[in-house]
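Q: Got a structure here, written out as structure tokens. Questions coming.
The values are calculated or read from the model by the stated rules, or taken from the named source; none is laboratory data. As the structure is a computational prediction, the values presented were derived from the model and not from experiment. Here the Cβ positions follow ideal geometry from the backbone for every residue, glycine too, while neighbour counts run over all protein chains shown. Just so you know, the surface numbers come from the protein's heavy atoms only, side chains and all, with ligands and any DNA or RNA stripped out. Shrake-Rupley method; radii C 1.70, N 1.55, O 1.52, S 1.80 Å.
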Amino acid sequence: MLLSGKRGMVVGVANKRSIAWAIAKKAADEGAQVALSYQNERLGDNVRELAQEIKDPLLVQMDVGSDSQIVMAFDNIRKQWDRIDFLVHAVAYAPRHALDGRFVETSREDFRVAQDISAYSLAALSRAAQPLMTDGGSIVTLSYLGSERVVPHYNVMGVAKASLEASVRYLAYDLGESNIRVNAVSVGPIKTLAASGISGFGSMLRHHRTRAPLQKDVEIEEVADAAVFLLSGMGRGITGQVIYVDGGYNIMAD
């Protein structure tokens with residue numbers, strides 16, 4: 001029960017195949033009380049159905065692209081809880097057409113959207129969460145190796161993930177004095193709704209399986225385990241880091 005007595009918010013649950021949902025469920029299994037956010041009523045139906053599988057969930061509507069909705073969501077949490085101990089940021093988005101073709105053809109608007117939703121939202125959520133982390137806390141976000149290496153068809157999302165990882169380091173510095181840790185988990189390719197928007201994803205999976213030292217696909221439960229470790233007291237000395245859960249693929253030259 002690594003998170004017994006802890007409370008936290010998980011942002012980014014879309015369906016039962018979401019990495020965010022795997023983390024939320026693992027956190028609940030480890031004793032945490034979990035708040036789940038949903039972007040709109042359409043997605044809220046999925047989240048409400050999933051929430052029935054965990055004990056005493058708290059549901060809040062929040063679009064991370066809206067500062068006012070972020071403030072309202074955390075105000076709603078404050079009315080229910082006196083504090084939170086962790087925040088999971090599992091949100092990323094770029095228009096699908098921006099993942100086709102060449103990065104050099106990325107429009108200004110597509111670049112802005114990718115940065116806003118995939119990277120800036122971490123800073124916005126951290127700022128809103130800080131006052132509720134009265135006894136310190138842990139913030140975890142999700143990244144991918146495309147932040148530091150060229151992955152064909154990842155395009156503007158790779159640049160956004162690079163920005164996200166830099167944000168982790170700056171936030172870790174800013175929030176360290178409040179005993180709030182900020183880390184990222186860099187995840188190998190997993191079949192999720194978000195991954196379905198990447199052209200050639202099946203080939204990416206096969207290549208990863210062949211080249212990774214562990215020679216297998218990354219399991220979503222492995223990511224959830226790593227995230228919960230960072231959220232728990234077991235990770236209390238770790239901040240500003242990118243932890244790879246990719247079967248070791250990141251150490252390979254190709």
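Q: Return yes or no: is GLU165 open to solvent by less than 40 Å² (accessible area, probe 1.4 Å), in a helix (DSSP H, G or I) and either in contact with a Gly (Cβ under 8 Å, 6 or more places away or on another chain) or in contact (Cβ under 8 Å) with a residue 40 or more places away in the chain (or both)? Write out each step before concluding.
A: Values: open to solvent by less than 40 Å² (accessible area, probe 1.4 Å): yes; in a helix (DSSP H, G or I): yes; either in contact with a Gly (Cβ under 8 Å, 6 or more places away or on another chain) or in contact (Cβ under 8 Å) with a residue 40 or more places away in the chain (or both): yes.
Considered against the rule, which asks whether it is open to solvent by less than 40 Å² (accessible area, probe 1.4 Å), in a helix (DSSP H, G or I) and either in contact with a Gly (Cβ under 8 Å, 6 or more places away or on another chain) or in contact (Cβ under 8 Å) with a residue 40 or more places away in the chain (or both), GLU165 comes out as yes.
Q: Going by what's in this entry, would ALA98 be described as in a helix (DSSP H, G or I) and modelled with pLDDT of 95 or more?
A: no
Q: Tell me whether the range 135-143 contains one or more residues that are closer than 20 Å to VAL218 by Cα and modelled with pLDDT under 95.
A: Checking the range 135-143: not a single residue is closer than 20 Å to VAL218 by Cα and modelled with pLDDT under 95.
Q: What tally of residues in the range 128-162 results from selecting those that are over 22 Å from MET72 (Cα atoms), open to solvent by 30 Å² or more (accessible area, probe 1.4 Å) and in a helix (DSSP H, G or I)?
A: Counting residues in the range 128-162 that are over 22 Å from MET72 (Cα atoms), open to solvent by 30 Å² or more (accessible area, probe 1.4 Å) and in a helix (DSSP H, G or I) gives 2.
Q: Considering only residues of the range 222-254 that are open to solvent by less than 40 Å² (accessible area, probe 1.4 Å), in a loop (DSSP other than H, G, I, E, B) and out of contact with any strand residue (DSSP E or B) (no Cβ under 9 Å at 6 or more places or on another chain), which is farthest from GLU30 (Cα to Cα)?
A: GLY248
Q: List the helices (runs of 4 or more DSSP H) that sit entirely inside the range 4-86 and contain at least 2 residues that are of a type outside the set (A, V, I, L, M, F, W, C) and out of contact with any Asp or Glu (no Cβ under 9 Å at 6 or more places or on another chain).
A: 41-51, 67-80
Q: Please list, ordered by first then second residue, the pairs with beta carbon atoms under 9 Å, 6 or more apart or interchain, first in the range 70-83 and within 17 Å of GLY44 (Cα to Cα), second of a type in the set (D, E, K, R) and in a helix (DSSP H, G or I).
A: Close Cβ pairs (under 9 Å, with a partner that is of a type in the set (D, E, K, R) and in a helix (DSSP H, G or I)) amount to ILE70/ARG127.
Q: A follow-up question, please. Pull up the range 203-221, narrow it to residues that are touching a helix residue (DSSP H, G or I) at 6+ places or on another chain (Cβ under 7 Å) and in a helix (DSSP H, G or I), then point me to the one that is most open to solvent (accessible area, probe 1.4 Å).
A: GLU221
Q: List, please: which pairs have Cβ atoms under 9 Å, are six or more places apart or on different chains, and start with a residue in the range 29-55 that is closer than 17 Å to ILE19 by Cα and among the aromatic types (Phe, Trp, Tyr) and end with one that is in a strand (DSSP E or B) and open to solvent by 30 Å² or more (accessible area, probe 1.4 Å)?
A: Close Cβ pairs satisfying both conditions: TYR38/LEU59; TYR38/GLN61.
Q: Now, a different point. Can you find a residue that is at pLDDT 95 or above, charged (D, E, K, R) and in contact with a strand residue (DSSP E or B) (Cβ under 8 Å, 6 or more places away or on another chain) anywhere in the range 56-71?
A: Residues of the range 56-71 at pLDDT 95 or above: 57-71.
Now narrow it down to the ones that are charged (D, E, K, R): 63, 67.
Among the residues that remain, those that are also in contact with a strand residue (DSSP E or B) (Cβ under 8 Å, 6 or more places away or on another chain) are: none.
No, the range 56-71 contains no residue that is at pLDDT 95 or above, charged (D, E, K, R) and in contact with a strand residue (DSSP E or B) (Cβ under 8 Å, 6 or more places away or on another chain).
Here is a yes/no grid of residues against (1) more than 18 Å from the chain's Cα centre (by Cα); (2) open to solvent by 90 Å² or more (accessible area, probe 1.4 Å); (3) over 25 Å from ALA27 (Cβ atoms):
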{"residue": "GLN69", "(1), (2), (3)": "yes, no, no"}
{"residue": "ARG96", "(1), (2), (3)": "yes, yes, yes"}
{"residue": "ARG112", "(1), (2), (3)": "yes, yes, yes"}
{"residue": "SER118", "(1), (2), (3)": "no, no, no"}
{"residue": "SER126", "(1), (2), (3)": "no, no, no"}
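Q: Let me ask something else about it. Give me the residue from the range 168-192 that is out of contact with any strand residue (DSSP E or B) (no Cβ under 8 Å at 6 or more places or on another chain) and part of a loop (DSSP other than H, G, I, E, B) and, out of that set, modelled with the lowest pLDDT.
A: Only one residue fits best here, namely THR192.
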